[in-house]
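**Student:** My structure is below; once you've seen it, I'll send some questions.
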Amino acid sequence: MKEEDVKFDFEILKPITFFDVETTGLDLENDRIVQMSAIQYQPDGMVKNLNLNFNPDGRSISKEAEAKHGLNADMLKNEPTFKDKSQMVYDQFFLNSDIGGFNILNFDVPILIEEFKRIGLHYDPLKDGAKVIDVYKILTKQEPRTLEASYNFYLGEKLQMAHNANADNIATIRIFNEQVKKYGFEDPINDGDYHTKTDKEGNVIIDFAGVFIKTTSNKFIFAKGKHKGEEVSMSSSSYLDWIFNKSTFNNNTKFVAKKLYDYINQKNNK
């Protein structure tokens, strides 16, 4: 389906631009947009489309970001920078336009504001009177993932005695059984895809306290504490030693810290 084929069941009184960006990383102030799609629907039925790649202008692309969108510096070296196209992007797709997208309030809008600010455009959709349609917010509001809502979704029934521990526990068991049937799980006990907690970037949160993560590029990173954002390495071995020997972290986090301590030492001694 092409963007021109989308027919809304409501009247568009003002242009609305749906957009999505890919970036060099997750730092809203310092990372750069490397790809943008913008599709604007206008009241007269006209549809405008923009699909551009951008040179990150000297900013390196994180391995996590590259693994996600598949773009690297060599692929983008001959592309224009966002600065080169920003005035056109602003004038044709964002000026006097409502905006829409998926989870754009948390990331896409803030990083776009920063990109425009670099060329002196103080873009603020809410201050400018634009409406922001975040499809993710609609999803979470209209399709809540509470136990009661999940019970109704899978079993078509209203959960009686919600928030009674035994009733909630039995409801959870029934939901799990319906999930096994609905999704055709052959071995739901050992299927690893559903046993790990991940963050919004797909990194695996290793311990229950969220101190350590394993990135999509298989690196172990501190997610909390004084080494937050750093890769677990020999230089942080003393901190790992402190965690599992002297800290007040829970036993699970201490266990993981000891495993990582042994891992980096074994790796260093090879």
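**Student:** From the mean inverse distance of alpha carbon pairs (Kirkwood) and the Cα radius of gyration, derive Rg over Rh for the range 185-270.
**Tutor:** 1.01
**Student:** Once you charge only the Cβ atoms, +1 for Lys and Arg and -1 for Asp and Glu, what is the size of the charge dipole of the chain about its Cα centre, to the nearest 20 debye?
**Tutor:** Charge dipole of the chain: 1060 debye, to the nearest 20.
**Student:** Still on this structure: Hey, could you pull the Cα Rg and Dmax for the range 147-191, both in Å?
**Tutor:** 11.2, 32
**Student:** Figure the gain on full extension for K182 and K77 (residue separation times 0.36 nm, minus the Cα-Cα span) and round it to one decimal in nm.
**Tutor:** 33.1 nm
**Student:** Here is a further query. Hey, what D do you get for the range 1-93 in µm²/s if you plug the Kirkwood alpha-carbon radius into Stokes-Einstein at 25 °C and 0.890 mPa s?
**Tutor:** Roughly 168 µm²/s, to the nearest whole number.
**Student:** Could you tell me which residue out of M75, F93, N53 lies farthest along the dipole of the range 1-113 toward its positive end? Charges go on the beta carbon: Lys and Arg +1, Asp and Glu -1, centred on the Cα centre.
**Tutor:** Farthest along the dipole direction, towards plus: M75.
**Student:** So, one more: In whole Å, how far is the Cα centre of the range 77-149 from that of the range 48-76?
**Tutor:** Comparing the Cα centres of the range 77-149 and the range 48-76, I get a distance of 18 Å.
**Student:** Working out 0.36 nm times the residue gap between A67 and I113, then minus their Cα-Cα distance, what length gain in nm do you get to one decimal?
**Tutor:** So the extension gain works out to 14.1 nm.
**Student:** A follow-up question, please. With mean projected area of the Cα convex hull in nm² as the read-out, I listed (i) 20.9; (ii) 15.1; (iii) 13.5; which label goes with the value calculated from this structure?
**Tutor:** (i)
**Student:** Towards the positive end of the charge dipole of the range 196-268, with charges on Cβ (+1 Lys, Arg; -1 Asp, Glu), say which of Q266, T216, I206 has the farthest Cα.
**Tutor:** Positive-most Cα among the choices belongs to I206.
**Student:** Next question, about the same structure. What Kirkwood radius, in Å to one decimal, follows from the Cα pairs of the range 122-270?
**Tutor:** 19.4
**Student:** Which entries of K226/K246; K63/K258; K68/K137; K83/K200; K85/K131; K214/K267 show an alpha-carbon separation above 21 angstrom in the structure shown?
**Tutor:** K63/K258; K68/K137; K83/K200; K85/K131
**Student:** Could I ask something else about it? Give the calculated FRET efficiency between I173 and F255 to the nearest 0.05, with a Förster radius of 22 Å applied to their Cβ-Cβ distance.
**Tutor:** 0.20
**Student:** Let me ask something else. Counting each DSSP H run of 4 or more residues in the chain as -39500 (n - 2.57), what helix-only mean residue ellipticity at 222 nm follows after dividing by all residues, to the nearest 500 deg cm²/dmol?
**Tutor:** Calculated at 222 nm, the ellipticity per residue is -10000 deg cm²/dmol.
Every number here is computed from the coordinates shown, using simple stated rules; none is lab data. What you are looking at is a predicted structure, and each value in this text was computed from that prediction instead of being measured. Cβ atoms come from the backbone with ideal geometry, glycine included; neighbour counts cover every protein chain shown.
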